[in-house]
Amino acid sequence: MNQPSKASNGALALAALGVVYGDIGTSPLYAFKEAFTGTHGLTPTEPNVLATLSALFWAMMLIISIKYVWIMLKFDNDGEGGVLALTALANRSAKGAARWTTWIVTAGIFAAALFYGDALITPAISVLSAVEGLSVATPAFEKFIVPITVGVLAGLFFIQRHGTGSMGKLFGPVTLLWFTALAVLGALSIAQNPTVLSAVNPVYAIDFALEHPAGMFLLLSAVFLALTGGEALYADMGHFGAKPVRLAWYGLVCPALLINYFGQGALVLRSADAIQNPFYLLSPDWFLLPLVALATAATVIASQATISGAYSMTLQAMRMGYLPRLYIQHTSDSQRGQIYIPAVNWMMMVGVIVLVFQFGSSSALAAAYGIAVSGTMIITTVLTVFVALMLPGRMRILMLPALLIFALLELMFFSSNLTKIASGGWMPLALGLLIFLLLSTWKRGSTLIAEQRRKLDIPMALFISGTQPEVPRVPGTAVYLTADPTMVPSALFHNLKHFKVLHEQTLFLHVVTADVPYIEMKQRMQVNQLAPGMYNVALHFGFRQEVDIPASLQGLSAHGIQLEPMSTTFFIARSNVADGPGGMPAWRSSLFSWMTRQSEGAASFFNLPANQVVELGTKVML
C-alpha cells in the first residue's frame, strides 16, 4: 500500500479536526470552570488553581496523549476503532473460548450502551455552554439562552435527513479557526501572568492530593470533563487513519487546549470573580459576540460528530446482531459512510431537548456528565489488556504495565464521577442500562429463535439426498434467504406445502457479517453447488458495510449462474413471536416481540426489488 503523502496527511488532519476532536475541543467552555463552581467547587485561590491545572495537564497527557492518541490507535480492527471494533478484535483473540467470549462481548456491548448516554449529553452541554456567552455580553440575553439552544439543536437534527456532506467541507476550517482562537486567547492571558505555567510541575497536584485527599477525589470529576472526547477520537479513527489523527492532536489540538486552560487559570489568578465564566471573560469586549458565534458553530460541529457516531454505532450493532433491522438512508452518492437513521435521529432529538429544558444550564448538565464516558474508558482499557495478552513477549511486557496504570487512573475518575449520581448522573447510567437490556434481549431472542429452527428444520444434506429429486420443477430462479446454510429454510417448507414444486434454479443465500469492518469485493462471494440447479451462496460483508444483495449477486455470472430479473423471486421468512415455554421470561419475550415489530423488513434492508419478493410468516414460541 502506498503511504499517504505529507500533503494528504495534512488535508486529512484538517478534516479530522471537526469530526475527531469536536467533542474534546469544546471542553474549555465548561471544564475548568466546573472545578470551582460545581457541586463540590473549590475556592479559586492560587494553590487550588495551580493544583487544578496541574491535575488537568497530567490527566490529558496520560489519558489522551499517551493512552488514546499513541496506544489505542495501534489497536485497530483493520483500520477501524471504537469499542465495538475493539470487542470484535478481542473476541478474535479469545480464539473461540466460550467463557472469555461471553465476558468480552458483554463488556463491549455495555460500553456501547453507555456511549448512547454520552451521545445525548454532549450536544446539550456543548451548545448550551456556547450560547451562555450571550449572558456575558449582556445579562438581558439570559432568558433567551435556553430557547436559542433548543432552536439550534432542533435545526441540527432536522437537517440530518438531507445529509451533511456540503456542511462537512466547512467543519475542518471552522474548527481550525476555533482552535486558533483558543490558543491566542489563552496565550494573551498567560503573557500577563506567566507564573501559571509552573502548574506543569506535577508536584502541585501531588501536594494537593496529600493535603486534601477528599478534595482531590472530588476535583477529579471536574478534571475528567476535559477528557470526555477521548473515546470519540478512537471511534472516529477509521475515517482518517492513525497518522492524521495523531498529527492533528500533537500539532494543534493538544497545545491549543492546554494554552487555553492555562490562560483561564491565569485570568482567575488575576481576578477570582472571573471564575463565573473564565472562557468568555478571556475575550476582549469587541470579540465577545463573534466568539459566541464561533463557539456555537464549533459546538454544532461537535454535536454533529456525536450524532454521526450514534448512527455508526447503531449500524455496527445491527450488523453484529444486537439490534433489529432499522431503516437506513444513505445521504451521499460518493461517501457510503454518510448515513441517516430516522429512528435514532428523532429519539436523540427528543432526549437532547428534554435534557436542555430539564437542566437549564451547562453547569447543571456537567453534574450529570462523565459517568458514562469514564465507564466506557475502563471497559476499553480492559478489552485492550485482553488483546495485549496475545501480543509477542516484548510488546506485552511494555504494554501491560502502562494499561494497568491507565485502568487505575480511570477507576479513580469513575469513582469520583459516581458522586454525581444524585445530581443527574443517574440519567446516563439508567439510559445505558436500558439500551444494554435492549441489545442483550435482541441478541438472546435471536439466538433462541435460531436454536428452535435448528431443532425443527431438516438438515440441508438430508433434504438434498432424499426429498428434492421427487419434487416437480418449474421455470425460474428462487432465492431463499437463510440464517443457517446447513438447514432447509422454513420459507421453502411453506412453498413446498402450498405449491408442491421447486424452481429450476434454487439458491440458498446466507449473509455473513464478519468481525472486520470491510470485505473486498473479490472475497465477497462463496458458491457451493448442492445438486443440479441448487446452490448455497454466502455473501460476506464487513460490519460497517452496506448489505446490497442484488448488486452483490451480479458476481454470480463468474460461477456460471445467470439471474434473469424478471424470472427471479426472493423468498423471505418473517418470524411472529408468541409467548411460550421458551428460554426467556415473559416480560423479556414481550420486549423482544415489540422489537421484532419495529424491525424493518428484510426486503428493504437488503435492497431487494419489491416486485420480486414473497414473504412467508412463521410463528415462533419464546
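The values are calculated or read from the model by the stated rules, or taken from the named source; none is laboratory data. As the structure is a prediction and not an experimental result, all values here were calculated from the model. Counting neighbours? That spans all protein chains shown, and the Cβs are built from the backbone with ideal geometry, glycine included.
As for the range 575-596, it holds at least one residue that is at pLDDT below 85, of a type in the set (Ser, Thr, Tyr) and closer than 29 Å to residue 548 by Cα. Residue 477 - would you say it is at pLDDT 85 or above, touching a strand residue (DSSP E or B) at 6+ places or on another chain (Cβ under 8 Å) and not basic (Lys, Arg)? So residue 477 passes the test.
When the range 483-523 is filtered for residues that are modelled with pLDDT of 90 or more, under 28 Å from residue 85 (Cα atoms) and either small (Gly, Ala, Ser) or in contact with a Ser or Thr (Cβ under 8 Å, 6 or more places away or on another chain) (or both), the ones remaining, listed by number, are 509, 510. Taking the range 115-133 as the range and being part of a helix (DSSP H, G or I) and either outside the structural domain of residue 153 (by TED's automatic domain parsing) or over 13 Å from the mean Cα position of the chain (by Cα) (or both) as the test, the residues that pass are 121, 123, 124, 125, 126, 127, 128, 129, 130, 131, 133. Only one of the numbered conditions (1) under 30 Å from the mean Cα position of the chain (by Cα); (2) surrounded by 15 or more Cβ atoms within 10 Å (Cβ to Cβ); (3) more than 23 Å from residue 450 (Cα to Cα) is not met by residue 522, and that is (2). For the range 552-604, the candidate set comprises residues that are among the hydroxyl-bearing types (Ser, Thr, Tyr) and assigned to a helix (DSSP H, G or I); within that set, the residue that is farthest from residue 536 (Cα to Cα) is 590.
Among the residues examined, residue 224 qualifies as assigned to a helix (DSSP H, G or I), among the hydrophobic types (A, V, I, L, M, F, W, C) and within 29 Å of the chain's Cα centre (by Cα). When the range 89-145 is filtered for residues that are among the charged types (D, E, K, R) and closer than 23 Å to residue 27 by Cα, the ones remaining, listed by number, are 118, 132, 142. All told, residue 245 falls short of being more than 34 Å from the chain's Cα centre (by Cα) and in contact (Cβ under 8 Å) with a residue 40 or more places away in the chain. Here is a check on your reading of the model: is residue 391 exposed (fewer than 13 other Cβ atoms within 10 Å of the Cβ), farther than 30 Å from residue 597 by Cβ and among the hydrophobic types (A, V, I, L, M, F, W, C)? No, not satisfied. If the condition is being at pLDDT below 85 and out of contact with any strand residue (DSSP E or B) (no Cβ under 8 Å at 6 or more places or on another chain), then the range 524-547 contributes only 545.
Considering 556, 608, the condition of being in contact (Cβ under 8 Å) with a residue 12 or more places away in the chain and over 34 Å from the mean Cα position of the chain (by Cα) is satisfied by 556 alone.
Taking (1) free of Cβ contacts under 8 Å to residues at least 12 places away in the same chain; (2) in a helix (DSSP H, G or I); (3) farther than 24 Å from residue 320 by Cα in turn, residue 420 satisfies each apart from (1). Looking across the range 497-509, the residues that are closer than 19 Å to residue 535 by Cα and surrounded by fewer than 16 Cβ atoms within 10 Å (Cβ to Cβ) come down to 501, 504. Among the residues of the range 373-383, is there at least one that is over 17 Å from the mean Cα position of the chain (by Cα), of a type outside the set (Phe, Trp, Tyr), surrounded by 23 or more Cβ atoms within 10 Å (Cβ to Cβ) and under 30 Å from residue 66 (Cβ atoms)? Within the range 373-383, not a single residue is over 17 Å from the mean Cα position of the chain (by Cα), of a type outside the set (Phe, Trp, Tyr), surrounded by 23 or more Cβ atoms within 10 Å (Cβ to Cβ) and under 30 Å from residue 66 (Cβ atoms). Based on what the data block shows, is residue 219 assigned to a helix (DSSP H, G or I), among the hydrophobic types (A, V, I, L, M, F, W, C) and closer than 18 Å to residue 46 by Cα? Considered against the rule, which asks whether it is assigned to a helix (DSSP H, G or I), among the hydrophobic types (A, V, I, L, M, F, W, C) and closer than 18 Å to residue 46 by Cα, residue 219 comes out as yes.
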